[in-house]
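Colleague: The structure's right below; bear with me while I get my questions together.
The values are calculated or read from the model by the stated rules, or taken from the named source; none is laboratory data. Note that this is a predicted model, so its numbers are computed, not measured. We place every Cβ from the backbone using ideal geometry, glycine too, and count neighbours over all the protein chains shown.
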Amino acid sequence: MTTTKKLLIPTLMLGLLQAMPGMAEGFRDTAWVVSSTPVYERVNEPRRECWSERVGYEHVRSGEREYGGAILGGIVGGLLGNTIGKGNGRSVATAVGAATGAITGDRIDNDGNEVRTSRRPIYEERCSVTDNWSQRLTGYNVAYRYNGREYHAFMPYDPGPRVKVRVNVSLAEKF
């Protein structure tokens, strides 16, 4: 084949491709898939877990004491002690009468009111974070064969046995 014919055939093909609408970008064809390997990514989504834990006890008092009887008994006892004593003994009699009256008044006033104590547990919330690893499919590494040559691409889905390829033709400077 002469050099003129060698140049004429590709020039005619290029002219035909340019004349046909949409052919300047190339054409579509089918290639056979050689392998399709899934690609996974490890992802950690930590999980927070909480629970209640007993940390001790608190003492609870039930029933309240009344102090009115002790106060009134102290006043009455002090007045009586003051009337009994003479001279320096009056002060001592007043003090003893006030103390005795306060104790007696308190017992009379709080006779039925028992103070009870009980223990109640104290709880605190405890939390911990645990790793939660999983694998997510991110896509496929695909090897395909077209026109006797093998090509590789990453695809977001499994293509199956065949893939569509775009074929572009351009002039080579020399044969």
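Colleague: Do we have any residue at all in segment 38-61 that's among the aliphatic types (A, V, I, L, M) and more than 30 Å from D158 (Cα to Cα)?
Modeller: The answer is yes; a qualifying residue exists.
Colleague: Filter segment 71-87 for residues that are part of a helix (DSSP H, G or I), modelled with pLDDT under 80 and not aliphatic (A, V, I, L, M) and give the result.
Modeller: G73, G74, G77, G78, G81, N82, listed by residue number.
Colleague: Still on this structure, please answer the following. Given (1) assigned to a strand (DSSP E or B); (2) more than 17 Å from T30 (Cβ to Cβ); (3) not hydroxyl-bearing (S, T, Y), identify the lone condition not met by L171.
Modeller: Looking at each condition in turn, L171 falls short on (1).
Colleague: Looking only at segment 30-84, which residues are aliphatic (A, V, I, L, M) and either touching a Cys at 6+ places or on another chain (Cβ under 8 Å) or farther than 30 Å from A143 by Cα (or both)?
Modeller: V55, V60, A70, I71, L72, I75, V76, L79, L80, I84
Colleague: Continuing with the same structure: Can you tell me which residue in segment 129-175 is surrounded by the fewest Cβ atoms within 10 Å (Cβ to Cβ), limited to those that are of a type in the set (D, E) and over 16 Å from E41 (Cβ atoms)?
Modeller: Result: E173.
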